[in-house]
1. Please enumerate the residues belonging to the range 1-15 that are within 14 Å of E68 (Cα to Cα) and of a type outside the set (S, T, N, Q).
2. Can you tell me which residue is modelled with the lowest pLDDT among those in the range 36-50 that are of a type outside the set (D, E, K, R) and loosely packed, with under 15 Cβ neighbours inside 10 Å?
3. Could you list, in sequence order, all residues of the range 73-106 that are of a type outside the set (G, A, S), surrounded by fewer than 21 Cβ atoms within 10 Å (Cβ to Cβ), assigned to a strand (DSSP E or B) and at pLDDT 85 or above?
4. What is the one condition in (1) under 19 Å from S95 (Cβ atoms); (2) in contact with a strand residue (DSSP E or B) (Cβ under 7 Å, 6 or more places away or on another chain) that A73 does not satisfy?
5. When only residues in the range 51-72 that are modelled with pLDDT under 90 and not in a strand (DSSP E or B) count, which is farthest from R37 (Cα to Cα)?
6. Within the range 1-29, work out how many residues are surrounded by 13 or more Cβ atoms within 10 Å (Cβ to Cβ) and not hydrophobic (A, V, I, L, M, F, W, C).
7. Taking the condition of being touching a residue at least 60 places away in the same chain (Cβ under 8 Å), under 16 Å from G65 (Cβ atoms) and more than 13 Å from the chain's Cα centre (by Cα), how many residues in the range 16-50 meet it?
8. With the condition kept exactly as written, say whether any residue in the range 26-44 is assigned to a helix (DSSP H, G or I) and over 20 Å from N72 (Cα atoms).
Amino acid sequence: MLSLTRALLALRRREPTLSLGDWAPLQTTNGVLSYTRACADRLFVIALNLDSIPKAIRFEPCLHGTIELSTNAKRTGEPVYERLDLSADEAVIVSAIQVSPVVLTY
């Protein structure tokens, strides 16, 4: 837990968008809390699976990016293309290249 906290603090120091960027919620209906932080040319999607079962969200029209930080350290650096699979109780921060505010869930 301490290493996750340190990694999150380091990411916030490197990416001011995570603390100063505009906040906007993304709509989901499956128990995944997700929102964006955007500032200038930087965009991040934060997704938290608040359930004890795996969930998936699909971004329409598309989202491409990289997982910058996850509660599962093995996922850091993993590419994201349109669909984001989250294990039970997982949270991720995705550095996004393109995103739409419409989110389809399944």
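The values are calculated or read from the model by the stated rules, or taken from the named source; none is laboratory data. Owing to the predicted nature of the structure, the values given are computational and were not obtained by experimental measurement. Reconstructed Cβ throughout: ideal geometry from the backbone, glycine too, with neighbour counts over all protein chains shown.
1. L4, R6, A7, L8, L9, A10, L11, R12, R13, R14, E15
2. A40
3. Within the range 73-106, P79, Y81, R83, D85 meet the criteria.
4. In the conditions (1) under 19 Å from S95 (Cβ atoms); (2) in contact with a strand residue (DSSP E or B) (Cβ under 7 Å, 6 or more places away or on another chain), A73 misses (2) alone.
5. Ranking the qualifying residues of the range 51-72, first place goes to P61.
6. So the count comes out to 6.
7. Final tally of qualifying residues: 0.
8. Looking through the range 26-44, none of the residues is assigned to a helix (DSSP H, G or I) and over 20 Å from N72 (Cα atoms).
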